[in-house]
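Trainee: Got a structure here, written out as structure tokens. Questions coming.
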Amino acid sequence: MGAPSRNPAVRTHAVYSLEDSGRRIALTFDDGPDPQYTPQVLRILAQYNVQATFCVIGENAVQYPQLLHDIANGGHAVANHSWTHPQLTKLKPAAARSELARTSDLIEKVLGAPPDWARAPYGDWNPVTLGICADLGMEPLGWSVDTNDWARPGTRSITNSVLRDVKDGSIVLCHDGGGNRSQTVAAVRNYLPRLLDSGFVPVRPEL
Ligand SMILES: [Zn+2]
């Protein structure tokens, strides 16, 4: 296991929006990589030359390392979303640490650098897991716009929730893995050009 490349302070809560954002926002895609849907999202992002963040599950990433390369080669950030997607705060600290450390190690092994960000499954952080996150050299990534796309509410609902709720600095939560994500893909195709027309600038979150 490599030493953390960074030594961040322990935060009291996750980062829910971008600081000093101007019109910048962050689009985030969780629970992949997925061989069907991740490439579709990547193609749309590339079409608009937009960078996003993919919060990957270790047990998926280990099956599809090429998708990690495809994400990184597109200029996107790869974040740690744990190995098996448990509620980290329900685990003993050693087990929570293992969930995050194992995933960081895999990302580092595949891409040559460990992730800068971790997103707890369900956004479920507490002081213990925030401490583990910092100890592993990562910042905790939250969100401020939840599309509820995982529940497949319909492409229009996902699109509308983004266009209705996004504002300067928003971090938008979508899912490219964990089930049928065709609604999410269709929604990205709808909302992304409209966000750009409105002057929003999707970026990777900065440290
Ligand atoms: Zn998740």
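The values are calculated or read from the model by the stated rules, or taken from the named source; none is laboratory data. Quick caveat, the model's predicted, so the values are computed rather than measured. Note: ideal-geometry Cβ built from the backbone for every residue, glycine included; neighbour counts use all protein chains shown. When the accessible area is computed, the model is the full protein with side chains, heavy atoms only, and any ligands, DNA or RNA have been set aside. Shrake-Rupley method; radii C 1.70, N 1.55, O 1.52, S 1.80 Å.
Trainee: Which residues among the stretch 190-207 fall inside the zone where the amide N is under 14 Å from a point 7 Å beyond the Cα of ASP168, along Cα→Cβ?
Mentor: Answer for the stretch 190-207: 199-201.
Trainee: With equal scatterers on the alpha carbons only and no solvent term, can you work out the Debye log10 of I(q)/I(0) for the stretch 24-202 at 0.11 1/Å?
Mentor: Debye output, listed in q order: -0.43.
Trainee: Cα to Cα, under 14 Å, and not fewer than 8 places away if on the same chain: which aspartates and glutamates meet these conditions relative to LYS90?
Mentor: Answer for LYS90, where 14 Å is the Cα cut-off: GLU99, ASP124, listed by chain and number.
Trainee: Take LEU196 and GLU108, extend 7 Å from each Cα along the Cα→Cβ direction, and tell me the distance between the two endpoints in nm.
Mentor: 3.6 nm
Trainee: Compute the angle between helix 182-197 and the longest alpha-carbon principal axis of the chain, please, reported from 0 to 90 degrees and rounded to the nearest 10.
Mentor: 70 degrees
Trainee: Continuing with this model, one more query. Based solely on its DSSP helices, what 222 nm [θ] is calculated for the chain when runs of n ≥ 4 H residues each add -39,500 (n - 2.57) and the sum is averaged over all residues, nearest 500 deg cm²/dmol?
Mentor: Helix-only estimate at 222 nm: -11500 deg cm²/dmol.
Trainee: Sticking with this one: If you roll a 1.4 Å probe over the chain with all protein chains in place, what percent of the accessible area is carbon or sulfur?
Mentor: Exposed carbon and sulfur together represent 47 percent of the surface.
Trainee: Can you tell me the convex hull volume per residue for the stretch 1-128, based on C-alpha atoms, in Å³ to the nearest whole number?
Mentor: Cα-based convex hull of the stretch 1-128, divided per residue, equals 114 Å³.
Trainee: Okay, moving on. For the stretch 24-202, what is the accessible area per residue in Å² when the probe is 1.4 Å?
Mentor: With the other protein chains kept in place, the stretch 24-202 gives 40 Å² per residue.
Trainee: With +1 on each Lys and Arg Cβ and -1 on each Asp and Glu Cβ, how big is the dipole of the chain about its Cα centre, in debye rounded to the nearest 20?
Mentor: 280 debye
Trainee: At 0.36 nm per residue, and after removing the present C-alpha to C-alpha distance, how many nm does the segment from LEU207 to ASN148 gain when stretched out fully?
Mentor: Full-extension gain reported as 18.6 nm.
Trainee: If one takes the longest principal axis of the Cα atoms in the chain, at what angle in degrees, from 0 to 90 and to the nearest 10, does the Cα axis of helix 155-165 lie?
Mentor: 80 degrees
Trainee: ALA46 versus ASP70, label points 7 Å from Cα toward the beta carbon: distance in nm?
Mentor: 0.9 nm
Trainee: Also: Mind checking which of ALA26, ALA95, ALA79 has the largest fluctuation in a GNM of the chain, springs on alpha carbons under 10 Å?
Mentor: ALA95
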